[in-house]
Amino acid sequence: MTGFLVKRFLQALVVLFLVSIIVFTLLHMLPGGPARAILGPKGTPQQIEHFNHQQGYNRSLPAQYVMYLKRLFTGDLGESFKLNSPVFDLLKQRLPKTLLLTVLSTALAVVIAVPLGLLQAVRRGKASDYALTGLAFLLYATPVFFLGLIMIILFAQVMPILPAEAPQGESVGELLGDFTGLVLPVVTMAFGIVAMFSRYMRSAVLDNLTEEYVRTAMAKGQSSRRIMVRHVLRNALIPLATLLGLYLPTLFSGALVVESMFNYPGMGLLFWNAAQGSDFPVLLGVTLVVGVATVVGSLLTDILYAVLDPRIRSVA
């Protein structure tokens, strides 16, 4: 087990190193170079030269990359020239709020998708299976922004029981204080996730129902409920755990749309506003954070995979 975790951790470090190289390359692919992109078209040649000297962009690329890594380790991701604030401080304020939205929507999706997948697998080929499969395909094919519009029209206009705008606040506690404002953003994100997770769960349960250990348990006289809950469910959750870790980039893209629609003060809205204002330091900072989150999510998935599947521990 320890060897398995060490191996995965070292692989994660290599991937993080590659992510830093990609973001560093994107920095130098900005139109007119970093100085022109940050100072804008009104920047004079003297200002650009001074900026390059101050930030070290007049040095060789290897030297610049070493400086870039040093800044990353000290939390220096540059400064937003639109908001006049360090990018690190902006991300520190917005990231917990996006994590709150993502965790709540994912938890709600798992709570709904796991029973749905089990029900579809148990009632395979019956009317309920076909109905739930059709609903899952419909939700999966529906864009997140369209789901959000439907939610706003139904529950904020036709039946005005929920606010159309997400809660505003400087901290996660303040957002949770206005929980009714979180309902529409969370449910909108969760519906799109439920469609995919329920399909994976259905397939995983069907695969496990044909395994030898299920027939052995039935031959021992164990009840169907006990077999499903104690044996099949645990093994069927393994692919779902893998999907959760690898689904992080998609969750962020969904959060970007949802946060923009409901004016939710998270990292997705920050990225959207930065894209509209060509605030490149913020865009690259968010890109780096999402890349790191994806690698960390994949590492946590490997750990969870080893916990759920004893075969991985024995091999490791």
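The values are calculated or read from the model by the stated rules, or taken from the named source; none is laboratory data. For clarity, every value in this text was computed on a predicted model and none was experimentally measured. Neighbour counts are summed over all protein chains in view; Cβ atoms, including those assigned to glycine, are modelled from backbone coordinates with ideal geometry. The protein model used for the area step is the full one, side chains on, heavy atoms only, and it has no ligands, DNA or RNA in it. Shrake-Rupley method; radii C 1.70, N 1.55, O 1.52, S 1.80 Å.
Close amide-amide hydrogen proximity is noted between T142 and no other residue 5 or more places distant or on a separate chain, at a cut-off under 5 Å (H modeled in the peptide plane; Pro and chain starts excluded).
Qualifying GluC sites (Glu not before Pro) in segment 181-271, where qualification requires a DSSP coil assignment and no more than 14 other C-beta atoms within 10 Å, comprise E211. Straight-line cross-link reach from K42 at under 19 Å between alpha-carbon atoms covers these aspartates and glutamates, not counting any fewer than eight positions away in the same chain: E79, D279. Within segment 192-237, the ratio Rg/Rh, alpha carbon atoms throughout and Rh by Kirkwood, equals 1.06.
For segment 160-227, the calculated P(r), taken from all Cα-Cα distances in 5 Å bins from zero up to the bin holding the longest distance, is 3, 14, 14, 11, 9, 9, 8, 8, 9, 8, 5, 1 percent.
When a/c is below 1.5 the answer is rounded, else prolate if a/b is larger than b/c, else oblate, so apply that to segment 22-82 with a ≥ b ≥ c taken from the square roots of the Cα gyration tensor eigenvalues. Judged from the Cα gyration tensor, segment 22-82 comes out prolate (a/c at least 1.5, a/b above b/c).
The accessible-area ordering, largest first, of the residues L240, L16 stands as L16, L240, per a 1.4 angstrom probe. Percent of accessible area on the chain owned by carbon and sulfur, 1.4 Å probe? Summing carbon and sulfur atoms, their accessible area is 67 percent of the total for the chain. Can you classify segment 147-192 as rounded, prolate or oblate using the Cα gyration tensor, where a ≥ b ≥ c are the square roots of its eigenvalues, rounded means a/c under 1.5, and otherwise it's prolate if a/b beats b/c and oblate if not? Since a/c reaches 1.5 but b/c is at least a/b, the shape of segment 147-192 is classed as oblate.
The sum of -39500 (n - 2.57) across all DSSP H runs of n ≥ 4, divided by the residue count of the chain, sets its helix-only mean residue ellipticity at 222 nm to -24500 deg cm²/dmol. Take the convex hull of the alpha carbons in segment 193-297; its mean projected area over all directions comes to 8.4 nm². Here V144 sits with roughly 40 square angstrom of accessible surface, probe radius 1.4 Å. If you look at the Cα atoms of segment 88-225, you get an Rg and a Dmax of 19.3, 61 Å. Restricting the trypsin sites (Lys or Arg not before Pro) of segment 211-297 to loop positions (DSSP other than H, G, I, E, B) with no more than 13 neighbouring Cβ atoms within 10 Å leaves K220.
If you run the Gaussian network model on the chain, springs between alpha carbon atoms under 10 Å, then out of P45, P160, P143 the most flexible one is P45. Sparsely packed loop sites in segment 95-137 (the trypsin sites (Lys or Arg not before Pro) outside DSSP H, G, I, E and B with at most 15 other Cβ atoms within 10 Å) comprise R123, R124, K126. By the compact-protein rule of thumb, 2.2 N^0.38 Å, the alpha-carbon radius of gyration of the chain corresponds to a ratio of 1.21. Rg/Rh for segment 26-173 (Cα atoms only, Rh after Kirkwood) is 1.18.
Annotation: amide H of E79 within the under-5 Å range of V87, sequence separation 5 or more or interchain, hydrogens built in the peptide plane.
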